[in-house]
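Structure first, commentary second.
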Amino acid sequence: MSVAAASFAIFAASQVGTPGPANMALLATGARYGLRTALPFVAGVALGKQLVIWPVGFGLMQLAESAPWVFVTLKWISAAYIIWLAWRVANLRLDTNIEAKAPGFAAGLIVHPLNPKAWAMITAGFTAFTAPGTPSLEATAVIAMILLGVQLILHPIWTYAGERIARSVAGTPAERYLMWTLAALTVASVLFVLFAGGK
């Protein structure tokens, strides 16, 4: 196969499974609303990465070479959006008696297109795990399927972890510190991607 599928699957699991803006959003959403209520958001997050994979696979990388400023601009806009989300997380409280609508499928769908870690991960898939000359359709389909499979396993785990954490701290003094910690980790993950080699 022209795509090193097994190696990429290991890489994808290591990236999808570790803290990043999307996982912090899933953790916080699970903490606030619980896994069952958050499932449409989880599905949106998983499928939203496809909105990045397919354009990248079919030539967006050529645009990056000819007009790199476009990607630099998008990177900073994306980082600003994720940091804004982190600010909202910091001010959330876990009281389940408060009536609030959980973020839905559409809200989840835009998380990865605005996530610099997702762009870096996908770009690595095409540049480091795909043999030169591989047809675009083949490379894109393999990378898309592997990432979707990994996400469908790991994203609900992050969301459920948030739910379990919330059961322990909701309504306690630790609640504020938890939400601020989640927000800080989200910002830190964005800054790491921006300044430690993220593309």
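The values are calculated or read from the model by the stated rules, or taken from the named source; none is laboratory data. No experiment lies behind these values; they were computed from the predicted model shown. Here the Cβ is made from the backbone with ideal geometry for all residues, glycine too, and neighbour counts use every protein chain on show.
Of these, A43, A5, which one is farther than 28 Å from R164 by Cβ and modelled with pLDDT of 70 or more? Talk me through it step by step, then tell me what you get.
On the way: A43 fails: farther than 28 Å from R164 by Cβ.
A5 is the lone residue from the list that is farther than 28 Å from R164 by Cβ and modelled with pLDDT of 70 or more.
Looking at the stretch 17-39, can you tell me whether even one residue there is modelled with pLDDT of 80 or more, over 12 Å from the mean Cα position of the chain (by Cα) and under 16 Å from L147 (Cβ atoms)? No: the stretch 17-39 contains no residue that is modelled with pLDDT of 80 or more, over 12 Å from the mean Cα position of the chain (by Cα) and under 16 Å from L147 (Cβ atoms).
Given the criterion part of a helix (DSSP H, G or I) and modelled with pLDDT of 85 or more, identify the matching residue among L85, L74, L60, L51. Explain how you work it out, then say what you get.
Numbers: L85 fails: modelled with pLDDT of 85 or more; L74 fails: modelled with pLDDT of 85 or more; L60 fails: modelled with pLDDT of 85 or more.
Exactly one residue qualifies, and that residue is L51.
Contact map, the stretch 156-173: first residue touching a residue at least 60 places away in the same chain (Cβ under 8 Å) and closer than 22 Å to A46 by Cβ, second residue of a type in the set (S, T, Y) and part of a helix (DSSP H, G or I), Cβ cut-off under 8 Å, separation 6 or more or different chains; pairs are T159/T29; G162/T29.
Residue pairs whose Cβ atoms lie under 7 Å apart, sitting 6 or more positions apart in sequence or on different chains, and linking a residue in the stretch 1-29 that is closer than 21 Å to L39 by Cβ to a partner that is of a type in the set (K, R), are G20/K117; P21/K117.
I143 meets the conditions (1) closer than 21 Å to A38 by Cβ; (2) touching a Ser or Thr at 6+ places or on another chain (Cβ under 8 Å); (3) modelled with pLDDT of 80 or more; (4) surrounded by 22 or more Cβ atoms within 10 Å (Cβ to Cβ) in every case but one. The failed one is (1).
Taking the residues in the stretch 102-152 that are among the small types (G, A, S) and outside any helix (DSSP H, G or I) as candidates, determine which candidate is nearest to I10 (Cα to Cα). Please lay out each step first, then the result.
First, the residues of the stretch 102-152 that are among the small types (G, A, S): 102, 104, 106-108, 118, 120, 124-125, 128, 131, 133, 136, 139, 141, 144, 149.
Pick out the ones that are also outside any helix (DSSP H, G or I) and you get 102, 104, 131, 133.
Working: A102: 32, G104: 29, A131: 17, G133: 23 Å.
Residue satisfying both the conditions and the ranking: A131.
The set of residues in the stretch 1-25 being farther than 15 Å from P113 by Cα and of a type outside the set (A, V, I, L, M) consists of S2, S7, F8, F11, S14, Q15, G17, T18, P19.
Taking V111 as the residue in question, decide whether it is at pLDDT 80 or above, among the aliphatic types (A, V, I, L, M) and surrounded by 22 or more Cβ atoms within 10 Å (Cβ to Cβ). Spell out how you get there, then give the answer.
Numbers: at pLDDT 80 or above: yes; among the aliphatic types (A, V, I, L, M): yes; surrounded by 22 or more Cβ atoms within 10 Å (Cβ to Cβ): yes.
In short, yes.
Quick check on my filter: what residues within the stretch 11-25 are more than 11 Å from L154 (Cα to Cα) and in a helix (DSSP H, G or I)?
Result: F11, P21, A22, M24, A25.
Of the numbered criteria (1) over 19 Å from the mean Cα position of the chain (by Cα); (2) at pLDDT 85 or above; (3) more than 29 Å from A139 (Cβ to Cβ), the one P103 fails is (1).
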